[in-house]
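Colleague: What follows is a structure written as structure tokens; I'll ask about it next.
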Amino acid sequence: AQRVTQPEKLLSVFKGAPVELKCNYSYSGSPELFWYVQYSRQRLQLLLRHISRESIKGFTADLNKGETSFHLKKPFAQEEDSAMYYCALSRSGYSTLTFGKGTMLLVSP
Amino acid sequence: KAGVTQTPRYLIKTRGQQVTLSCSPISGHRSVSWYQQTPGQGLQFLFEYFSETQRNKGNFPGRFSGRQFSNSRSEMNVSTLELGDSALYLCASSLGTASEKLFFGSGTQLSVL
């Protein structure tokens, strides 16, 4: 069975500081990894997925199969980045997601 | 285009009752998935429907069931409600291909008293 672990419930940083939200997974096959974000009073929405290898709102994430990690990074945090971030995994060929429990990112001025 | 619509927004039920939640996907989307969100367990997958057929199922008891209609709208039913069923139930729609972006609704907040 697959599992996603986000070790930090809360990450608090100052504006302009680098951010790294950690995500580790366990899955015996080839996973598809995603980061979803939920801003205050908004719906859960996709931030990025590893197959696209894109940068969204300055965030990037690299899949490290050796360390089974998919950490989310941003060099300079902004106050508007404050939100709940969920790492998620789907088995190759499937669309259903296994979510981590989420990390709340708070960016202070 | 309109997003995923879930009704009702809030529900209060008592133990032993049953409840039906509704989800209207984005036009053209054929896959509808349901997730349960609780503070303790986080987001957990319930089931997925594609073209009126259940395609995947999570690890929930048989009291949780669903269906999908020909217009892709989906309903989720929970029978014999328990206090532990109190949660936010999220619906997500997509075209249904693998590794695809899911579009989530705002959810139905169910409280079981």
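The values are calculated or read from the model by the stated rules, or taken from the named source; none is laboratory data. Nothing here was measured: the structure is a model prediction, and the numbers come from that model. With ideal geometry, Cβ positions are generated from the backbone for all residues, glycine too; neighbour counts draw on all protein chains shown.
Colleague: Take the residues in region A:2-54 that are acidic (Asp, Glu) and outside any loop (DSSP other than H, G, I, E, B); name whichever of them is nearest to the other protein chains (Cβ to nearest Cβ).
Modeller: A:Glu32
Colleague: A further question on this structure: Residues being more than 10 Å from the chain's Cα centre (by Cα), within 14 Å of chain A (Cβ to nearest Cβ) and at pLDDT 95 or above: count how many of those fall in region B:54-86.
Modeller: 1
Colleague: Which is modelled with pLDDT under 95, under 26 Å from B:Tyr35 (Cβ atoms) and buried (at least 17 other Cβ atoms within 10 Å of the Cβ), of A:Leu72, A:Leu48?
Modeller: A:Leu48
Residues are listed down the side, and each one gets a yes or a no for (1) touching a residue at least 24 places away in the same chain (Cβ under 8 Å); (2) crowded, with 20+ Cβ neighbours inside 10 Å; (3) within 30 Å of A:Thr5 (Cβ to Cβ):
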{"site": "B:Pro8", "(1), (2), (3)": "yes, no, no"}
{"site": "B:Leu11", "(1), (2), (3)": "yes, no, no"}
{"site": "B:Ser31", "(1), (2), (3)": "yes, yes, yes"}
{"site": "B:Arg67", "(1), (2), (3)": "no, no, no"}
{"site": "B:Ser79", "(1), (2), (3)": "yes, no, no"}
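Colleague: Of the residues in region A:46-73, how many are within 11 Å of the chain's Cα centre (by Cα), of a type in the set (D, E, K, R) and closer than 18 Å to A:Val107 by Cβ?
Modeller: 1
Colleague: Need the failing condition index for B:Ser27 against (1) of a type in the set (Ser, Thr, Tyr); (2) part of a loop (DSSP other than H, G, I, E, B); (3) closer than 16 Å to A:Ser95 by Cβ, just the number.
Modeller: Here B:Ser27 meets the rest and fails (3).
Colleague: How many of the residues making up region B:28-54 are more than 15 Å from B:Lys101 (Cα to Cα) and not aromatic (Phe, Trp, Tyr)?
Modeller: The qualifying residues number 14.
Colleague: I'd like the residue in region A:75-90 that is without any contact (Cβ under 8 Å) to a residue 60 or more places away in the chain and of a type outside the set (A, V, I, L, M, F, W, C) and, out of all such residues, is nearest to B:Tyr35 (Cα to Cα).
Modeller: The qualifying residue nearest to B:Tyr35 (Cα to Cα) is A:Ser90.
Colleague: Given the conditions (1) within 24 Å of B:Leu88 (Cβ to Cβ); (2) in contact with a Lys or Arg (Cβ under 9 Å, 6 or more places away or on another chain); (3) at pLDDT below 95, and given that A:Ala61 satisfies all but one, which numbered condition is not satisfied?
Modeller: Here A:Ala61 clears every test but (1).
Colleague: Report the residue count in region B:1-57 for those that are of a type in the set (Asp, Glu) and on the phi < 0 side of the Ramachandran plot.
Modeller: Looking only at that region, the number is 1.
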